[in-house]
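Participant: My questions will all concern the structure given below.
The values are calculated or read from the model by the stated rules, or taken from the named source; none is laboratory data. Keep in mind that this is a model prediction, so the values were computed, not measured. No Cβ is skipped: glycine too gets one built from the backbone with ideal geometry, and neighbour counts run over all protein chains shown. When the accessible area is computed, the model is the full protein with side chains, heavy atoms only, and any ligands, DNA or RNA have been set aside. Shrake-Rupley method; radii C 1.70, N 1.55, O 1.52, S 1.80 Å.
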Amino acid sequence: MTRFSLVFVLGLMLGAPAHAFGEDTGQFTDYEFVAPTDVATPGRPALALCYETDDLRFYGVTLLSNITGYVLATENCAGEPVRSLSPADVRAAQNAGLINPDLPAIAKNDVRRNLTNYGVWAAVILGLVAVIIRRVKALLGYDLRGPMRRKTTQRILYAMCHAGHRDGVIEGKEITLIRRTAQRLTRRSISTSQVVKAADKTGGPLGDADYIDMGRGLRDGEKDVLMRAVFYVTLASGRLLPREHEFLTRLAYGLGIPGEDFRRVMNLALSDLDRYPPR
C-alpha cells in the first residue's frame, strides 16, 4: 500500500503522460457510452453520445476518472470519436430531437464518480501519512516493532555499566539488573557475558569528549532511551550518590539533552521502576 502510494503520487506530481510508467499505466483519454442518438453520417449508422473522460490508470486499473465533456463516436463509443459537443451543441441537438432531452447539457462527474475519486485520494493520503509516521519514528529511534540498532544497544550497555561503576564495583545483582533493563529497552537478547565484558571495559575516568562520544551518531529517540536506561540503573538503589548525579548531568550535557527532556526521561525511568521493580 505505501509503495503504491508513493508511485501514484509521484505520477500525479509529474503529470504523467500516457504510458508514463509502462504499458497501461499513466494518463489516458477514454470514452464511455451515455445514450444512442439519431445523429448519423453518410454511409454510417447513427452515432452514440459518449462521455470523454480523463483517466489515471495503474497497470490497467483505473484509479481516477473525470468527465471532461460530450463527444459523438461510432460503435457505441468503442470506435473513434467523430465530434466534440459543447453544451450549446447538446441543447441544439435535443431541440431537434436528435438526443434524449432528459440528459444534462453539461457533462460532469456524478456523485458516485466523485466519491470513487475521493476514496482513492483518501487511501493515498492515509498511505502517505503511514509512511511519514514510520519514517519519523525510524529517524527518532522509536520503531516499536523491532529491536534497536546494534550500535545503539552497545552504547546503552556501556553507558549503564559506566553508571553502575559510580557507586563502586558492579556486583552480580547489578549485572542482572543491567542485562534485564537493556534487554527490555532495546528489545534485543543480551547475555550476562556481554554485560560482564562491558563492565570490564568501563569504570575509568571520563572526560567531556567521552560523554559526547556516547551519543555520537545516535538518533534523538535513541539518546532518550540511553538516558532512560542510565536513570533506571542509578535510581534502582533508592538513593542518588553525588558521583551518580554528576554522571547523569554530564551525560545529558554530552548527549545534548535539554532540561525539559532531562526531566521527561527521568519521569519515564521512575515509571519504569514502578512497573519493573528491581529484583
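Participant: With angles folded into 0 to 90 degrees, how steeply does helix 111-140 sit against the dominant principal axis of the chain? Use alpha carbons for both and round to 10.
Facilitator: The angle comes out at about 20 degrees.
Participant: Which of the cysteines found in the chain have nothing to pair with, since no other Cys Cβ lies under 4.7 Å from theirs?
Facilitator: Cys161
Participant: A further question on this structure: May I ask which residue of Phe28, Gly69, Phe231 lies farthest towards the positive end of the charge dipole of the chain, with charges of +1 (Lys, Arg) and -1 (Asp, Glu) on Cβ and the Cα centre as origin?
Facilitator: It is Phe231.
Participant: What's the angle, to the nearest 10 degrees (0 to 90), between helix 150-165's Cα axis and the longest principal axis of the chain?
Facilitator: Around 30 degrees separate the two axes.
Participant: Compute the accessible area per residue over the chain, keeping the other protein chains in place, probe 1.4 Å, unit Å².
Facilitator: It amounts to 57 Å² per residue over the chain.
Participant: If you don't mind, another one. So, by mean Cβ neighbours within 10 angstrom, what's the order for 217-230, 64-77 with the highest one leading?
Facilitator: 217-230, 64-77
Participant: In whole angstrom, how far apart do the alpha carbon centroids of segment 102-120 and segment 155-204 sit?
Facilitator: 65 Å
Participant: Let's test this: bin the Cα-Cα distances of segment 20-108 at 10 Å from zero up to the farthest pair and state each bin's percent.
Facilitator: Calculated P(r), rounded to whole percents: 18, 44, 26, 11, 1.
Participant: Moving on to the next point. Could you give the Stokes-Einstein D for the chain in µm² per second, using the C-alpha Kirkwood radius, 25 °C, 0.890 mPa s?
Facilitator: Calculated translational D: 101 µm²/s.
Participant: Turning to a different aspect of this structure: May I ask you to compute the full-extension gain from Ser271 to Asp30, defined as 0.36 nm times their residue separation minus their alpha-carbon distance, rounded to one decimal in nm?
Facilitator: Going from the current span to full extension adds 80.6 nm.
Participant: Could I ask something else about it? Can you list residues whose amide H is under 5 Å from Gly69's amide H, if they're 5+ apart or on another chain and H is modeled 1.01 Å from N?
Facilitator: The list, which skips near neighbours in sequence, is Glu52.
Participant: Same structure again: Any chance you could tell me what percent of the C-alpha pair distances in segment 150-275 go past 24 Å?
Facilitator: Summing the P(r) tail past 24 Å for segment 150-275 gives 16 percent.
Participant: Another question, then. Given a 1.4 angstrom probe, I'd like the percentage of the accessible area of the chain that is carbon and sulfur, rounded to a whole number.
Facilitator: Using a 1.4 Å probe with all protein chains present, the chain comes out at 56 percent carbon and sulfur.
Participant: Return one number: the angle in degrees, 0 to 90 and rounded to the nearest 10, between the long axis of the Cα atoms of helix 259-275 and the longest principal axis of the Cα atoms of the chain.
Facilitator: The helix 259-275 is inclined about 80 degrees to the chain.
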